[in-house]
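Written below as structure tokens is the structure these notes are about.
The values are calculated or read from the model by the stated rules, or taken from the named source; none is laboratory data. Remember, it's a predicted structure, so these values are computed and weren't measured experimentally. Neighbour counts run over all protein chains shown; Cβ positions are idealised from the backbone, glycine included.
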Amino acid sequence: MPTYRLKWLRILSIIGLLSGLIISWQLWLPGRAYPRVPILSFIISDSLQYILLGIAIISLFGSLHKRASTYFLPIYFITSIIFVMHDQSRLQPWFYQYNFILFVCWINRLGNSERPNELQAIQYILVGTYLWSGIQKLNHTFITETGPSLFNTILPLDIGWGMLIIPIFEVSLAVMLLGKKTRNYAVSLLVIMHLTIFLILSPLISNHNAVVWPWNIISIGLVIAAFWNSAQSIYDVRIHTPIVQFTLLLFLLLPGLNLFNAWDEYLSSSLYSGKHIEGTIYFSSKIKKRLPLQIQNQLSREDGINLDHWSYTELNVPSYPETRIYDAVHDTLCKDAVDPLSVVLEIKKEPEWLTGKRETEMHYCNGKKID
């Protein structure tokens, strides 16, 4: 039975990845204005980037076949690592989750047996995702701004701090997935939740963040495949197995470090949490005239460009909300600066969880930072 479930978890993750890659194709190919932020500095030619994306897509299609996935998935993983090393912005939350689900499925194929450990590992991935997604929303900004801006599109009511029901609901569903008796109820409610989110973000209502449209639909299949009518308690398998420990570490333990700014937002299920930093780059009139047209067309009246808006517009994904990423983008743009004030990065820091107040910091091309 675990093998049958893992088959569908593998197929659904592959479909999700293919959908995400197609929707966000500008993120993976050359010819974009939004700067890349590599982990390691190395040059990949334009033609090689096209080849790598082609190899990744072919490998994913090949991995749809159970036996062939043993050989195709490692090829895909290599291309994924190269892509992320070449640009950290590619480590989007859907990409991160799908890849680790596929990695667990590949480990199962290497074992060539019906072992429950891998299914349990994927269950921990999903439980951790829902648990931390809910915890991250327990803050003033989500309750008063982000949450209402999303859900008021379908239910225009001012419920104030009643919006707390959203994160509490999500955390509760994560806990319910752990128990045999409550599992199916949690799956049913999660299906409704994902359909609601899909409806809100779809062209029917807000037409926002298209890359997560398929993620919400695929997530319905993932949670059904992993949990529906599963007789296996999440406690039945000992956690001493390396693959279970690995997923526990990445999806249940390390996200807790994000509360202390020691782990990335997108690796901690913090999407639509309202607690991301915000970055805007302002250009002097001299620099403005030398910018590519795709940047000039997005400048505000103050000759500034919001990095999240820029990323959405050009790459069809949100920006990677970390200070080091925004600093690296700023440093790239500073190469054409004529003086330290020509290109200025304004960072609105993470809001205080109880008040929503943000501190602002200005970064200049000479390396100075002023609060």
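Results, tabulated for the structure shown:
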quantity: Residue satisfying all of: in the stretch 37-83; in a helix (DSSP H, G or I) and among the small types (Gly, Ala, Ser); surrounded by the most Cβ atoms within 10 Å (Cβ to Cβ) among these; calculated: SER69
quantity: Lone unmet requirement of (1) loosely packed, with under 15 Cβ neighbours inside 10 Å; (2) touching a residue at least 12 places away in the same chain (Cβ under 8 Å) for SER319; calculated: (1)
quantity: Among (1) within 16 Å of PHE95 (Cβ to Cβ); (2) touching an Asp or Glu at 6+ places or on another chain (Cβ under 9 Å); (3) of a type in the set (Ser, Thr, Tyr) - the single one SER13 does not satisfy; calculated: (2)
quantity: Residue within the stretch 355-368 that is in contact with a Ser or Thr (Cβ under 7 Å, 6 or more places away or on another chain), within 28 Å of PRO30 (Cα to Cα) and at pLDDT 95 or above present; calculated: no
